[in-house]
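I have placed the structure first, in the form of structure tokens, so that the comments after it can refer back to it.
The values are calculated or read from the model by the stated rules, or taken from the named source; none is laboratory data. Because the structure is a prediction, the values reported are computed rather than measured. Backbone-built Cβ (ideal geometry, glycine too); neighbour counts: all protein chains shown. These area figures cover heavy atoms from the full protein model, side chains too; ligands, DNA and RNA do not enter into them. Shrake-Rupley method; radii C 1.70, N 1.55, O 1.52, S 1.80 Å.
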Amino acid sequence: MCRFIVRLRRRSGIVSILWLFPLIALFSCGCSSESKDQSLPTEELDGLDEMLGRSKEYDNRKGQYIDSLQLLLKKTPVSDTLSRVALLTHIGDQYRSFCSDSSIIFYLNAYDLEHASDPSDNQIELSLKILNSLAASGIFSEAQKVKAHIDSLTLTPAQELKFAQAGRQLYSYMKGYLDEENELAMSLTSEFDDYDAYLRENLPEDDPYRIFLVGEQYVRVGKNKEALKLLTKLLKTLKPEDNLYGMVTYRCAQASRNLGDDYNYGRYLALSAMSDVQGSVKETLSLPALSQWLYDKGDVDRAYRYANASLNDATASSSRMRTVAIANFMPIIDNSYRQKISASRDELMVYFLLVVVLLITSGSLLFIFLRNLHRSNRIRRQLHAQSKMQENYIGHFLSLCASYADKLESTRRLVHRKITAGQTDELMKMMSSRSGDDQTDEFFKIFDETFLDLYPDFIDNFNTLLRPEEQIAYTHGSPLTTELRIYAFVRLGVQESVKIAQVLRCSVSTIYTYRNRMRGRAINRDTFEREVATLGEEK
């Protein structure tokens, strides 16, 4: 039993080790898959992910506000031209960064109403707004016509500043379509620089937009530290949902990249993208740039999501220039994402096979454990039965000893009495009688019962060693024959014929005769007695 427990413990140790290998493999795979690039601005990227998940909420809020304005426009009398112009202009303003094509329609409707009623300075304001929307939509030929028309008019100083801002934006968009330096690019850059310089010189020094332009100029000329100092100070005065906040953080990102600060480059891009999402600004630069940066960093999943979001925003806002720019790098990210998905499927298959192996191993180990447990329970039951049997045998032995002790004491008293009385002849006569045969019969009876309790299948197993025609017929409950008693002692480990003869109260030659005769009836004479000695043992 102790040896069995030791074997079971060893097997339990092996089970633990076998369980450990797949767990180590899974843990190592999990650790490698979950390892993150510490150079990524995780907090800002997680915040951006959350906001992108709520982008529909921001867009719906914007759309509901525009719907309320349009409902108000429907309720405004046609005769109230000023109110209708103001509402059309306000709706156009709301669509400006949301959907530039729609903003053009509302601005043109407002312009037509204004022109039909009474020409005024408001027409110039509307023309400037139309110019901005045409530029954002990539309709540059019409934008240039509107710009030329405005340029031919007499403008106030405030209108001159707005015109310069619109011109600067137009040439900025037009430059974006050119990937290389050529004569056209140089011409557009020159026009852009003229308008930019005019704005920096004529806007009030404390104007947030002027401060932004100065910071942007610092970035262009390589004064990146000065740019960061100026722009970060400006950020403290702006709200994250302001459009200018997104523009400032984008320039901070450029300055950080120029200074080799890769971490803050990604962080400022994420902040800029969050500002765009909050303000429902679809014409965005930061999210596509962030997508490319993350792709270079190896975060293909986020890069793919951000590129898709950028493309959807550009399409929704009718920003043709942004759509073209995003479409240039989208296939690269898409291809990498598909390769990663394919690799993930392969990795998933490896995990699946590992789990299958683990389940098979677990099933096998469980089967072994249950089999050993069943064997242990069976051995325990056998030990319990043998323990009960031993108690019975001890009881029989003690009873037999007590019986012989009583008979010996009775015989001693009888002998003492007869000798004292001088009845020696009668005593000799009693001693020479066969009264001892009763005691021998009682001993054999107890031996037979005890042995058959210990080995209930002994006779059946014994007959299997004999030839069919030589097998012993035995009736249950009857005494054992002399041959069976001889081999009962052999089974108990008593091999010497002398000892067997002493117990059975017969001569040694008789024992030899019985054993020799029984070997002659065996199937295999040479191994017969060795086989008898192991009858009933588990193979």
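Kindly indicate whether any position in the stretch 199-207 is part of a helix (DSSP H, G or I), open to solvent by less than 40 Å² (accessible area, probe 1.4 Å) and either touching a Lys or Arg at 6+ places or on another chain (Cβ under 7 Å) or over 24 Å from residue 99 (Cα atoms) (or both). Can you show your working first?
Kept after step one, since they are part of a helix (DSSP H, G or I), are these residues of the stretch 199-207: 199-202.
Subsequent filtering for residues that are open to solvent by less than 40 Å² (accessible area, probe 1.4 Å) retains 199.
Of the ones still in play, those that are also either touching a Lys or Arg at 6+ places or on another chain (Cβ under 7 Å) or over 24 Å from residue 99 (Cα atoms) (or both) are 199.
Checked against the condition, which is being part of a helix (DSSP H, G or I), open to solvent by less than 40 Å² (accessible area, probe 1.4 Å) and either touching a Lys or Arg at 6+ places or on another chain (Cβ under 7 Å) or over 24 Å from residue 99 (Cα atoms) (or both), the stretch 199-207 yields at least one hit.
Select from the stretch 443-461 the residues that are open to solvent by 70 Å² or more (accessible area, probe 1.4 Å) and either in a helix (DSSP H, G or I) or modelled with pLDDT under 80 (or both) and list them in ascending order.
Our first condition is that a residue be open to solvent by 70 Å² or more (accessible area, probe 1.4 Å); within the stretch 443-461, this holds for 445, 449, 453, 456-457, 460.
Passing the criteria: 445, 449, 453, 460.
From 283, 241, which residue is touching a residue at least 40 places away in the same chain (Cβ under 8 Å), open to solvent by 20 Å² or more (accessible area, probe 1.4 Å) and over 36 Å from the mean Cα position of the chain (by Cα)?
283
Quick check on the stretch 505-530: of everything there that is under 16 Å from residue 462 (Cα atoms) and among the aromatic types (Phe, Trp, Tyr), which residue is least open to solvent (accessible area, probe 1.4 Å)?
528
If you scan the stretch 219-260, which residues turn out to be assigned to a loop (DSSP other than H, G, I, E, B) and farther than 25 Å from residue 97 by Cβ?
If the condition is that a residue be assigned to a loop (DSSP other than H, G, I, E, B) and farther than 25 Å from residue 97 by Cβ, then 222, 223, 259, 260 are the ones that fit.
Considering only helices (runs of 4 or more DSSP H) fully contained in the stretch 79-162, which possess at least 3 residues that are touching a residue at least 40 places away in the same chain (Cβ under 8 Å) and not acidic (Asp, Glu)?
Those helices (runs of 4 or more DSSP H) span 81-96, 121-137.
Is there any pair linking a residue in the stretch 489-504 that is open to solvent by less than 50 Å² (accessible area, probe 1.4 Å) to one that is assigned to a loop (DSSP other than H, G, I, E, B), with Cβ under 7 Å and at least six apart or on different chains, and which?
From the stretch 489-504, the pairs are 491/455; 491/535; 500/494; 501/507.
Of the residues 246, 260, which is at positive phi and of a type outside the set (Asp, Glu)?
Residue meeting the stated conditions: 260.
Please identify the pairs in which a residue from the stretch 507-523 that is free of Cβ contacts under 8 Å to residues at least 12 places away in the same chain has its Cβ atom under 9 Å from the Cβ atom of a residue that is surrounded by fewer than 11 Cβ atoms within 10 Å (Cβ to Cβ) and part of a helix (DSSP H, G or I), counting only partners at least 6 apart or on another chain.
508/498
Test residue 37 against the stated conditions and say whether it is among the acidic types (Asp, Glu), surrounded by 10 or more Cβ atoms within 10 Å (Cβ to Cβ) and either in contact with a strand residue (DSSP E or B) (Cβ under 9 Å, 6 or more places away or on another chain) or modelled with pLDDT under 85 (or both).
When the stated conditions are applied, residue 37 passes them.
Name the residue, out of 262, 193, that is in contact (Cβ under 8 Å) with a residue 60 or more places away in the chain and not hydrophobic (A, V, I, L, M, F, W, C).
Unique residue meeting the criteria: 262.
Answer yes or no: is there a residue in the stretch 307-326 that is buried (at least 24 other Cβ atoms within 10 Å of the Cβ), more than 30 Å from residue 139 (Cβ to Cβ) and modelled with pLDDT of 80 or more.
no
Would the stretch 18-26 turn up any residue that is at pLDDT below 80, open to solvent by less than 40 Å² (accessible area, probe 1.4 Å) and of a type outside the set (S, T, N, Q)? Step through it out loud before you land on a result.
In the first step, residues of the stretch 18-26 are kept if they are at pLDDT below 80; the result is 18-26.
Now drop any that are not open to solvent by less than 40 Å² (accessible area, probe 1.4 Å), which leaves 22, 25.
Still in the running and of a type outside the set (S, T, N, Q): 22, 25.
Within the stretch 18-26, one or more residues are at pLDDT below 80, open to solvent by less than 40 Å² (accessible area, probe 1.4 Å) and of a type outside the set (S, T, N, Q).
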